[in-house]
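K.L.:
Take a look at this one; I'll ask things after.
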Amino acid sequence: MDMKRSYYEDLRLFDTLPLSLWLGVAVLALAAAPAVFGNYPLYVIGYIAINVIVALGLNVLVGYTGQISLGHAGFFAIGAYAVTMLANAGLPILPALLLAGLIAAAFGFLLGLPALRLEGPYLAVVTLGFGLTVETIFAKAAFFGGATGPAVPAFDLVLVPGFSREQNLYLLIVATAGLSLLAVRNLMHTRVGRAFVAIRDSDIAASCAGVDLTYYKTLAFAVSAFFTGLGGGLFAFHLGQVDPTTFNLMLSILFLAMVVIGGVGSILGSVLGAVVISLLNLKLKGLKMADFEQLPLIGHELAGFLGRNFMETGMANIQFIVYGTILVLIMLFEPLGLYGIWIRTKRYWRTWPF
Amino acid sequence: MSALLEIDQIGISFGGVKALLGVSLAVARGEVVALIGPNGAGKTTVFNCISGLYHPQQGRIVVDGREIQGLRPHRVAQLGIARTFQNIELFKHMSTVDNLLLGRHLHMRSGVLAGMALLGPYLPAAREELRHRTRVEEIIDFLDLQAVRGERVGNLPYGTQKVVELGRALAMEPRVLLLDEPAAGMNLEEKQDLRIWIQDIVALFGVAILLIEHDMQFVGDLAQRVVALNYGECIAAGTPAEVRAHPEVLKAYLGAEAVA
């Protein structure tokens, strides 16, 4: 039950036996996936895992430190471009990835500086400006390959001999996501993570207890940007190309939606939010008129309505309408997001059948 | 006995409002000094000047021979000055234990990388956590907070939140403790507990305590000396009995007609 026998139990990774079992199952399943699935499922899982990394990073900033960012697509882009150009310059993939994360972190540190004086909507506008600037610079500057972006070198890292390129890439992405999960979770249980949360809840009390606001606010930006840059670096290989138009404001909003829908200030929430939004994104992106026709009962009417009022070929960007709706509903009914639903379910089953 | 905390003629004004006009006071190790005065007299402003939230435009604040006016709050905290707040400033989404552990922030070292690498009980960050956790549990025992150890402090009753805030300040192992209306909103029993704790804190740790409080009974029981402020000026100083009977103090609280 809830009896604890030593202080270490509060720090322990898996506080209950069922949780350790389920996590073990999840790790085994993810590790076995390349042997079972073809390339497309691996691609989907990889896409989800990249978003998990970014959502974790963004949650450090938004959920735990209480700072807003509408410019995380900028860090994502910096990671993607940095890894591409470093790898093109001949650096092996792993060091290039790590360095790309660190470069993004350096920019995170810089963006953190205005955050020292700005809050809420003002900070939102500054980070928004950052994201748009990064996007524009990458898209226009010849040095970064202009509108087509730089060519991404082939992914040549071999983690398991005999595995295909896609399988190796999958393993790298999922392993990085697992390590990021562990790192962020641990960070939040120790001194630095506590300082982040303290700043969110009461920056005055935090500073009077000895937390250097300058250092920890910029640090939160840097840590957040590091993981986002790491995700961006993996994304470059995952997609096999770097297209500057991908890293737009909608992407920043999408990342933010993962954090909010999953659960602000929760590790599990970051994962859940990333999984749900990634799947929705993949499913909804390619919707055609024919897909609407197939819906039972209302399908024909709906398709006719959409055809008359929207685009003839289907509904471009319908996923954004869905996110918008989900965001509004989540804010109204479950401000803690999917994590809140999970907590309530757990509580229900703990006392079941009473 | 030389004072541990010495405030010398500090003055601060906000725009045209002169909040403090040359306030002086001193607190020695093991001494409890109370700061009283009507609402708006500048008591909390004195605290904010000491803890570095405000920077006084005149005068000096000296802690153990070192001038601290103009330092930023976390630097002041490093010099061993802890405080509580009039309108509770707890980390309300954290548990009691985590609030107190944050109070240990200055005594801990582990940074980002060590924190991320926390895997087993033998790594440095985990060992440090456990060591400081032990200290925190001692304070939890001392302040009788065992029952709410893992509770989110935002859900705790007001009086208990005040005690948690005291605990967080104590976890910093301060040399000077600034308590801003610690007994406000507490019932009689809670006030008695608080009085005994404060007396114990002074006796056990030799802390210098500066206390803002309106309850004169409470002040009289605890403080060796009392300083009264009104409109940013010291109007009286002395033992609790002397200050309570001082004509200026009576005038400030009750009005000139009542005294005459």
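K.L.:
Do we have A:V152 as closer than 18 Å to A:A80 by Cβ and surrounded by 13 or more Cβ atoms within 10 Å (Cβ to Cβ) here?
P.N.:
Answer is yes for this residue.
K.L.:
Additional query: Considering only segment B:225-239, how many residues are within 12 Å of B:L35 (Cβ to Cβ) and within 21 Å of the chain's Cα centre (by Cα)?
P.N.:
Number satisfying all stated conditions: 8.
K.L.:
Turning to a different aspect of this structure: Taking A:R194 as meeting all but one of (1) of a type outside the set (A, V, I, L, M, F, W, C); (2) within 13 Å of another protein chain (Cβ to nearest Cβ); (3) closer than 22 Å to A:L94 by Cα, write down the number of the exception.
P.N.:
Looking at each condition in turn, A:R194 falls short on (3).
K.L.:
Just one of A:T127, A:T218, A:T176, A:T228 is farther than 30 Å from B:G103 by Cβ, touching a Phe, Trp or Tyr at 6+ places or on another chain (Cβ under 8 Å) and among the β-branched types (V, I, T); which is it?
P.N.:
That would be A:T228, the only listed residue that is farther than 30 Å from B:G103 by Cβ, touching a Phe, Trp or Tyr at 6+ places or on another chain (Cβ under 8 Å) and among the β-branched types (V, I, T).
K.L.:
Here's another thing I want to ask about it. Taking into account only those residues within segment B:11-46 that are free of Cβ contacts under 8 Å to residues at least 40 places away in the same chain and among the aliphatic types (A, V, I, L, M), which is surrounded by the most Cβ atoms within 10 Å (Cβ to Cβ)?
P.N.:
Here the residue is B:A26.
K.L.:
Within the set of pairs 6 or more residues apart or between chains, which connect a residue that is free of Cβ contacts under 8 Å to residues at least 24 places away in the same chain inside segment A:161-183 to a residue that is assigned to a helix (DSSP H, G or I) with Cβ atoms less than 6 Å apart?
P.N.:
As it stands, the answer is A:A183/B:M116, since those pairs meet every condition given.
K.L.:
Identify the residue in segment A:169-202 that is polar (S, T, N, Q) and touching a helix residue (DSSP H, G or I) at 6+ places or on another chain (Cβ under 7 Å) and, among all such residues, is farthest from A:Q67 (Cα to Cα).
P.N.:
A:T176
K.L.:
In addition: Just give me the residues in segment B:218-260 being on the phi > 0 side of the Ramachandran plot and crowded, with 18+ Cβ neighbours inside 10 Å, in sequence order.
P.N.:
If the condition is that a residue be on the phi > 0 side of the Ramachandran plot and crowded, with 18+ Cβ neighbours inside 10 Å, then B:G232 is the only one that fits.
Every number in this text was worked out from the coordinates using simple rules, so none of it is lab data. Because the structure is a prediction, the values reported are computed rather than measured. Glycine gets a Cβ as well: all are built from the backbone with ideal geometry, and neighbour counts include every protein chain shown.
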